[in-house]
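K.L.:
Once you've had a glance at the structure underneath, I'll fire off some questions.
Only the coordinates and a few stated rules stand behind these numbers; no lab work does. Note that the structure is a prediction, hence the values are computed from the model and not measured. Reconstructed Cβ throughout: ideal geometry from the backbone, glycine too, with neighbour counts over all protein chains shown.
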Amino acid sequence: MFMMKMAGIYIPKKATKIESKGPRYEVRDFIIKLGSVSIGPSFRGILVEVEYTPCVIPFFCWDLMRELLQGFMGNSVQCPSQYLQGKMNEIYTAIDTVQQYME
């Protein structure tokens, strides 16, 4: 009822669409996903996601993943994200990936 009265005054905000599209590569035990990120119609950046499939504890494979990333991104890859630093000795799940996207 209230929203019906507000119809002439209040215009609901449209949901913002955040999207990443791009190729997925498998290189031996690695899965590498590249994506161009856009918010609505605007390009915002490039996303690089790397997964080392034999390992689920980041502490044991971070150095190997960093070395792979530095091979094509240079020294800009130094340490894990702040979120990941607090979970280096825990089992990594899809929820952890989502949390890092939210940072």
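K.L.:
Mind giving me the nanometre distance, one decimal, between the label points for Tyr101 and Lys14, set 7 Å out from Cα along Cα→Cβ?
P.N.:
So the two model labels end up 2.1 nm from each other.
K.L.:
Using the 10 angstrom Cβ neighbour count as an exposure proxy, how do Val48, Val27 rank, fewest first? Mind showing how you got there, number by number?
P.N.:
Details: Val48 13, Val27 9.
Arranged by neighbour count, lowest to highest, Val48, Val27 become Val27, Val48.
K.L.:
Can you count the Lys pairs in the chain with C-alpha separation below 27 Å, eight or more apart or on different chains? Working shown, then result.
P.N.:
On the way: Lys5/Lys13; Lys5/Lys14; Lys13/Lys21; Lys17/Lys33; Lys21/Lys33; Lys33/Lys87.
Taking the Cα cut-off of 27 Å, the pair count is 6.
K.L.:
Based solely on its DSSP helices, what 222 nm [θ] is calculated for the chain when runs of n ≥ 4 H residues each add -39,500 (n - 2.57) and the sum is averaged over all residues, nearest 500 deg cm²/dmol?
P.N.:
Working: 4 runs with 34 residues, N = 103.
Taking each H run of at least 4 residues, the total per residue is -9000 deg cm²/dmol.
K.L.:
While we're on this one: So how far apart, in nm, are the two label points at Leu64 and Ser81 if each is 7 Å from Cα heading toward Cβ?
P.N.:
2.2
K.L.:
Which percent of the Cα-Cα distances in the chain go past 16 Å? It would help to have the intermediate numbers written out before the result.
P.N.:
Details: 3569 of 5253 pairs.
Percent of Cα pairs beyond 16 Å in the chain: 68.
K.L.:
Is there a quick way to get the dipole size of the chain? I mean about its Cα centre, with the Cβ of Lys and Arg at +1 and of Asp and Glu at -1; what is the value in debye to the nearest 20? Before the final figure, lay out each step's value.
P.N.:
Values: 11 positive and 10 negative charges, 154 e Å.
Around 740 debye, computed over the chain.
K.L.:
Same structure, new question: Multiply the residue separation of Tyr25 and Leu47 by 0.36 nm, subtract the distance between their alpha-carbon atoms, and state the gained length in nm to one decimal.
P.N.:
Numbers: separation 22, 0.36 × 22 = 7.92 nm, distance 1.37 nm.
Net length gain for the segment: 6.6 nm.
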